[in-house]
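Below is one structure, written out as structure tokens; comments come after it.
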Amino acid sequence: MANTNKILSVEKVTKTFGKGNSLTKAVDNLSFSVKKGEFLAIMGASGSGKSTTLNLISTIDRPTSGQILVDGTDITKLKGEKLNRFRRESLGFIFQDFNLLDNLTAYENIALALSIQNVKASEIDEKVKAVAKNLDIEAILQKFSYQLSGGQKQRVAIARALSMNPDAILFDEPTSALDPEMVGEVLKIMQDLAQEGLTMIVVTHEMEFARDVSHRVIFMDKGVIAEEGKPEELFTNPKEERTKEFLQRYLR
């Protein structure tokens, strides 16, 4: 019997780039799953395959081999309108660089996502204002994105993703482009979302945050899972030498 609580299943996924002698396996026979309401943190050094993994789950890129199942559907096979519907409705993606449209206000950036999702015009205003209130960005809704600080931009990006009520949200180093004083406010929002039971997959170098908030941690190295487990176990007693070295470098 299928585990109905499993929202995502990555099954023997490989992604290669290049050809011939310059062939690189960014992800190598990767398998893991995520349950509904779980907060999964993915760690690893640059080039370990973390962001590639998120790009494959979000369908920004396609695997060379393997399956990625979301709610039982193999998204690697989706095309056309089915693929577009999946991107609109199933996953939210928070990028390192916010990915907002500079010629739109914060309000319009959020509203555009809802419009693409075919939400009725009469409901868009209500939804935008509700999510803005939840993330405390009501005062900046009429500002253009180029007028916002990095922390404000990331909150707008999170609001945009939340407004679509996705099954899960992917975060790719969401604090890496922020000034240090703004990191805390974005991490606090993410912590609140985790406590509300939102399914989240987060690539991060914020070690204390991953240790204190996530339900499970995956440590990647050279495209494979080197180690995984509950944060209190992995951070306190890592079994792999490469995990120990990584944690010593980043954990303060």
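Relative contact order (percent) for the chain, with alpha-carbon contacts under 8 angstrom and 6 or more residues of separation? Kindly include the intermediate steps, with their values, before the conclusion.
Working: 440 pairs, mean separation 65.4, N = 252.
Relative contact order for the chain comes out at 26 percent.
At 7 Å along the Cα-to-beta-carbon direction for both L104 and E245, put a label point, then send me their distance in nm to one decimal.
4.4
Mean 1/r over all different Cα pairs, inverted: what Kirkwood radius does region 98-143 give, in Å?
On the way: mean 1/r = 0.0930 Å⁻¹.
Taking every pair of different Cα atoms in region 98-143, averaging 1/r and inverting gives 10.8 Å.
Report the antiparallel proportion of the DSSP beta bridges in region 83-212 as a percent, rounded to a multiple of 5.
On the way: 1 of 9 bridges.
Antiparallel bridges: around 10 percent, rounded to the nearest 5.
Among N99, N165, N21, whose mean-square fluctuation peaks in a Gaussian network model of the chain (Cα, cutoff 10 Å)?
N21
Region 1-121: D in µm²/s via Stokes-Einstein (Kirkwood Rh, Cα pairs, 4 °C, 1.567 mPa s)? Please list the in-between numbers first.
Values: Rh = 16.3 Å.
Once the numbers are plugged in, D ends up at 79 µm²/s.
Over the Cα atoms of region 72-148, Rg to Rh with Kirkwood Rh, two decimal places?
Numbers: Rg = 14.4 Å, Rh = 14.0 Å.
With Rg and the Kirkwood Rh in hand, the quotient comes to 1.03.
Hey, could you grab the Kirkwood Rh for region 209-252? Inverse mean 1/r over distinct alpha carbon pairs, Å, one decimal. Intermediate results must be reported in sequence, preceding the final value.
Numbers: mean 1/r = 0.0951 Å⁻¹.
Across region 209-252, the inverse of the average 1/r is 10.5 Å.
Cα atoms only, region 112-214: Rg and Dmax in Å?
Cα-based Rg and Dmax for region 112-214 come out at 13.9, 42 Å.
Per residue and in cubic angstrom, what volume does the convex hull of the Cα atoms of the chain have? The partial results should precede the final answer.
Numbers: hull volume 37.3 nm³, N = 252.
Taking only Cα atoms, the chain has a hull volume of 148 Å³ per residue.
What pairs from K120/K153; K15/K36; K35/K230; K35/K153; K15/K153; K15/K222 go past 22 Å between their alpha carbons? Please report the intermediate quantities before stating the final value.
Values: K120/K153 25 Å; K15/K36 25 Å; K35/K230 14 Å; K35/K153 29 Å; K15/K153 31 Å; K15/K222 12 Å.
Too far apart for the 22 Å limit: K120/K153; K15/K36; K35/K153; K15/K153.
Mind telling me which of L83, L162, L40 comes out most flexible in a GNM of the chain, alpha-carbon contacts under 10 Å?
Comparing L83, L162, L40 in the GNM, the peak value goes to L83.
Could you give the accessible area per residue of the chain, probe 1.4 Å, as a whole number in Å²? The partial results should precede the final answer.
Numbers: 12670 Å² over 252 residues.
Roughly 50 Å² per residue, with all protein chains present.
Can you give the longest run of the chain that contains no GluC sites (Glu not before Pro) sitting in a DSSP loop with at most 16 other Cβ atoms inside 10 Å?
Numbers: sites that count: E196, E240.
It works out to 1-195.
Under a 10 Å cutoff between Cα atoms, tell me which one of L30, L78, L69 has the largest fluctuation in the Gaussian network model of the chain.
Highest fluctuation of the listed residues: L78.
The values are calculated or read from the model by the stated rules, or taken from the named source; none is laboratory data. In this text, all values refer to a predicted model and were calculated from it rather than measured experimentally. Counting neighbours? That spans all protein chains shown, and the Cβs are built from the backbone with ideal geometry, glycine included. To get the accessible areas, we keep the full protein, side chains included, count just its heavy atoms, and leave off ligands, DNA and RNA. Shrake-Rupley method; radii C 1.70, N 1.55, O 1.52, S 1.80 Å.
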